[in-house]
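Worksheet: the structure to be examined is printed underneath.
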Amino acid sequence: MALLLAACALLGGAAAPVRLSAWVGPPVSGDATLLGAGPLLLVVDPPTLSAYDVAAPHRAPPWRVAVPPAAGWSAEAAGDVLLLTERDQVRQAVATTARSMRTGAALWRRPERVYAVGEAAVAVSEVRSAAEPGRRVEGLVRGVDPATGGTRWTVRLPSTAVLEVLPGRPARVLLVQDDGLTRLLDARDGTVHGQGRLPPADYGPDNPQAVGAYLVLRHPTATGAALTGYDLPGLAPRWEVPVQRGELTLRACQGLVCAQDEHGRRALDPASGVIRWTWPAGARWHTVAGTRAATDALVLLRTAADGRRTLVATAGRDGPRVRGPLPAGVTDCRRAGSGLACRESASRVTVWPLGAP
């Protein structure tokens, strides 16, 4: 077992972190929504959606289009197609519009949430929830042609299920039904590549986690709780490790599974369950939202010791690393490409490129 004594390293590194370089981005209104999708930084300020190159956010936007009013938004890139989802007051998907990533031209529109699965896509009806729609779906799951919006295949769900988009190629999705029946589907044609039954669990936005050729599930046991690793696509169990009861959040981080609870963070090898590093101070850091790949490091934020600035850290295969402080007053941060986009003031966005972890 290879443990990284990350807490000591971070305490020393945080004493004099290097100030991060910044790219000044576009002016925005206080009501605008910031989103990242592929290489684009999106600013939704109805009735206008503006798309900026995240690597050159100071330049004029490559395109700007009109959008309908909505209470919230989410966005993903499916190859050369931007999937922009409108949301209502309780964060439920109202519709998804597909646009060209290059020009912003509308290609098609569907009255569902449409997920990007590599260069393919799937359309689902989210389970209505005032708390967090997450990935829980019901009714029909439909494979979508990203170029036309047409339906390629359909799977009917007997009740509700959790949808997991698997990273890498081929484009695949995992459907975990409430009864534990689990199917691995090809997102292009709906072919079932693997099927099995998982134990009862709190299936949700972070559980299970697919990393490479493995699936990691948090579930209750007769004596408490456990993490179990499964092969993909066969879903044969490989390992199981006990964990304490209570809140435990799982996220993919550069080919590992990063777990956070009230005691800190740790990273496990999804093939064996072996702990690769631990971070007792990690519980005080918050994960930045935004679309990313399982091969990306997590980007984390916490308030600096002066109580004014915000520290940035990354956590990946080599452990956690404090990158530096952001200026005082920074808010509303999210992933955008390989950088971190935040409001540095009430009227402007700034992008901090993070590069390699």
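The values are calculated or read from the model by the stated rules, or taken from the named source; none is laboratory data. In this text, all values refer to a predicted model and were calculated from it rather than measured experimentally. Heads up, the Cβs are rebuilt from the backbone with ideal geometry, glycines too, and the neighbour counts pull from every protein chain shown. Calculation scope for accessible area: heavy atoms of the full protein, side chains included, ligands and nucleic acids excluded. Shrake-Rupley method; radii C 1.70, N 1.55, O 1.52, S 1.80 Å.
With each pseudo-label sitting 7 Å past Cα toward Cβ, what's the residue 59-residue 88 distance in nm, one decimal?
For residue 59 paired with residue 88, the spin-label model returns 4.1 nm.
Name the trypsin sites (Lys or Arg not before Pro) in the range 238-299 that are in a loop by DSSP and that have at most 15 other C-beta atoms within 10 Å, would you?
245
About the Cα centre of the range 58-122, what is the dipole size in debye to 20, counting +1 per Lys and Arg Cβ and -1 per Asp and Glu Cβ, all else neutral?
200 debye
Once every DSSP H run of n ≥ 4 in the chain is given -39500 (n - 2.57) and the sum is divided by its residues, what mean residue ellipticity at 222 nm do you get, rounded to the nearest 500 deg cm²/dmol?
-500 deg cm²/dmol
Compute the length gained on full extension between residue 222 and residue 271: take 0.36 nm times their separation in residues and subtract their Cα-Cα distance, giving the result in nm to one decimal.
15.2 nm
Using a/c under 1.5 as the rounded threshold, could you call the range 65-142 rounded, prolate or oblate? The axes a ≥ b ≥ c are square roots of the C-alpha gyration tensor eigenvalues, and prolate needs a/b larger than b/c, oblate otherwise.
Oblate.
Show me the three semi-axes of the equivalent ellipsoid for the range 219-357, from the C-alpha gyration tensor (sqrt of 5 times each eigenvalue), largest first, rounded to whole Å.
For the range 219-357, the semi-axes come out at 31, 17, 12 Å.
Arrange the residues 317, 113, 128 by how much accessible surface each exposes, largest first, with a 1.4 angstrom probe.
Ranked list, largest accessible area first: 128, 317, 113.
Match the structure shown to one of the listed values (i) 1.01; (ii) 1.33; (iii) 0.96 of Rg/Rh (Cα atoms, Kirkwood Rh), computed from it, and give that label.
(iii)
For the range 318-339 and the range 79-128, compute the distance between their C-alpha centroids and round to whole Å.
Value for the Cα centre distance between the two parts: 27 Å.
What residues from the range 287-314 fall in the zone where the backbone N is under 19 Å from a label point 7 Å along the Cα-to-C-beta line of residue 202?
Under cut-off, by backbone N: 287.
Averaged per residue, what accessible area in Å² does the range 59-195 show with a 1.4 Å probe, protein chains only?
43 Å²
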